[in-house]
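Worksheet: one structure, shown below.
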Amino acid sequence: MDICYMCGRPLSDDGKSGTVQRHKEHIIHNGIYGRLKSTTILCAKCGNAYSKEDSNFVNLFGGFLETLHDYLYKRDHGKDKRKRLRAYFYPNSENELDNKEEVEFCAGKVYTLTPYYEVFEENKEIQIVAHKDRLPHFEKVLLKEHPEYAEYKRILIDDISDLGQIGIFFSENNSDFNTIFKKGMIKIATEYALSQGIERKDLNETLLVHEDNSASVILDRAMLVPCTPYSGIGLIVDLVEDIINPNFPSHVLRLYSEINQFGRYLICYIDLFSTFRYYVVLNRNYAGSDIDVYYSQRLIMDTTEDGQYINPAYDLELANKFFCGNMYSMISDYVNKRSLPELCFYMATTESLISRVIQEEGLEQVVRELIDFFNIKNYCKSVSFHYDDAEPSIVSKFQMCLKGFKDNIENIRECTMFKFHQLNRFCWNVDRFKSQ
């Protein structure tokens, strides 16, 4: 019988006879448009108890969700309300980064938090700046305090987005950011494993089962390892992913067991928005059956030629093959024409990297690595190194990333920041990417 992994009680449809009512749990949060669900892991009461933590996690990604709002597939349930987000506004000026104010951002508009006005005596004009809901009242109070302005032309401004640049908060002013992020990632990994039949006792890095059969999340013990590229092809793919991958941005999960130098591990790979990529270690001494399952879904709406919406969930293996073909075409165009797609981020860096990798490894070797990189057997699991015609030695990608996490944290920061800025650029230029 299915049990709730938190309270440990049997699940049923009606919650009667000593059972608790089953809950339709989103493995990837509904708030970030996740579609993968399970009714076999959590009860309604425990699911509702998670609502605040889930909301805190979803809110971390508010800036991306808000800028992509009109392009996303609909959520499974709930209203897709536009949210007011806090941001910094940098007015257009020579020293624009030296001067900023805190504002609200919503539906592409920027609203000042504190109403203000500016008088232009030479034109007998007054510019009044306030949120649209406050403009009438602020104008009325201003004229009451300064009746001499009654004859001035009044220019009412609610949206100041054209007057400068905006930076939406991500981790800014959130002292609990790391804890919230880690809790959310652990929850996704744990629930995906449970939904695939892994028992609670085999998740001893993220779940502690108590004597009364209830369980709690082990936040301090659980290990999150950033997934970053460790080959020339990996770096090139990361640089151009938003251009070449038609499924960008996506959510991807992969649950698998592996034997490495540390032991037999159970690992969940999580990729949110094709940007936030982490391994979550669920067990360091896994004794269960071998497992390798994955799930992938795109976030940006797409339709067929006859206008039917394409299912957001897609076949990761087929997508990788298509992506590989696009990468091969791009590298071929660069070799033959020295041309790259116009929207490439860091164009000079990408050109330099492609040239260096081809020069050092040879084009044939690069193609072999490209094929290995997109082989579903190796995706996020292994790194293949070829030396001449020798058989490739397969090294666990997790091992490589763990070593990098311990030895070279600055490189990891640089890679993760690049992916963050890549997603950010995509969000603000989604129209251009969709039309390419």
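The values are calculated or read from the model by the stated rules, or taken from the named source; none is laboratory data. All figures in this text were calculated on a predicted structure; none of them were measured in a lab. With ideal geometry, Cβ positions are generated from the backbone for all residues, glycine too; neighbour counts draw on all protein chains shown. Surface accessibility is based on the protein's heavy atoms, side chains included, excluding ligands, DNA and RNA. Shrake-Rupley method; radii C 1.70, N 1.55, O 1.52, S 1.80 Å.
Assorted remarks:
- Between helix 347-361 and the chain: long-axis angle, C-alpha atoms, 0 to 90°, nearest 10: 20
- 17 Å tail of the calculated P(r), region 225-317, as % of Cα pairs: 60
- Gap separating the Cα centres of region 354-378 and region 1-64, nearest whole Å: 42
- C-alpha long axis of helix 409-428 to longest principal axis of the chain, angle in °: 50
- Taking θ as phi - 60° and the Karplus parameters 6.51, -1.76 and 1.60, the scalar couplings of region 240-249 work out to 10, 4, 5, 8, 8, 8, x, 9, 7, x Hz in sequence order, x denoting glycine and proline.
- Across region 1-61, the convex hull enclosing all Cα atoms gives 70 Å³ per residue.
- If you model the chain as an ellipsoid using its alpha carbon gyration tensor, with each semi-axis the square root of five times an eigenvalue, the axes come out at 43, 33, 19 Å, biggest first.
- Summing +1 for each Lys or Arg and -1 for each Asp or Glu among the other residues whose beta-carbon sits under 14 angstrom from that of VAL240 gives -4.
- Point-charge dipole on Cβ atoms (K/R +1, D/E -1) for the chain, about Cα centre, debye to 20: 1380
- Counting Cα-Cα pairs of region 273-417 in 5 Å increments starting at 0 gives whole-percent bin shares of 2, 7, 11, 16, 20, 19, 13, 7, 4, 2, 0.
- Pairwise alpha-carbon distances in region 1-136 exceed 24 Å for 54% of all pairs.
- The smallest convex shape that holds all Cα atoms of region 160-250, its convex hull, gives 209 Å³ per residue.
- Distance between the modelled labels on GLU104 and SER332, one decimal in nanometres: 5.3 nm (7 Å Cα→Cβ projection).
- The length gained by stretching the chain between SER17 and PHE345 to full extension, at 0.36 nm per residue less their Cα-Cα distance, is 112.1 nm.
- Between GLN196 and TYR116, the C-beta separation translates, for a Förster distance of 60 Å, into a calculated FRET efficiency of about 0.60.
- Residues in region 195-211 reached by a label modelled at ARG284 [backbone nitrogen below 13 Å; 7 Å Cα→Cβ]: 204-206
- Phi-derived couplings, Karplus 6.51 cos²θ - 1.76 cosθ + 1.60 at θ = phi - 60°, listed residue by residue for region 261-270: 5, 8, x, 9, 9, 10, 10, 10, 8, 10 Hz, with x used for Gly and Pro.
- Between helix 363-374 and the chain: long-axis angle, C-alpha atoms, 0 to 90°, nearest 10: 90
- Total formal charge among the other residues, if their Cβ is under 15 angstrom from that of SER339, Lys/Arg +1 and Asp/Glu -1: -1
- Near the amide H of LEU207, within less than 5 Å, lie the amide hydrogens of ILE218, all on another chain or at least 5 residues away, with H placed in the peptide plane.
- Near the amide H of LYS37, within less than 5 Å, lie the amide hydrogens of ILE27, all on another chain or at least 5 residues away, with H placed in the peptide plane.
- Using a cutoff of 8 angstrom between alpha carbon atoms and counting only pairs six or more residues apart, the relative contact order for the chain works out to 12 percent.
- The mean accessible area for residues of region 301-428, using a 1.4 Å probe and ignoring ligands and nucleic acids, is 59 Å² per residue.
- Here the chain exposes an accessible surface that is 48 percent carbon and sulfur, computed with a 1.4 Å probe and the other protein chains kept in place.
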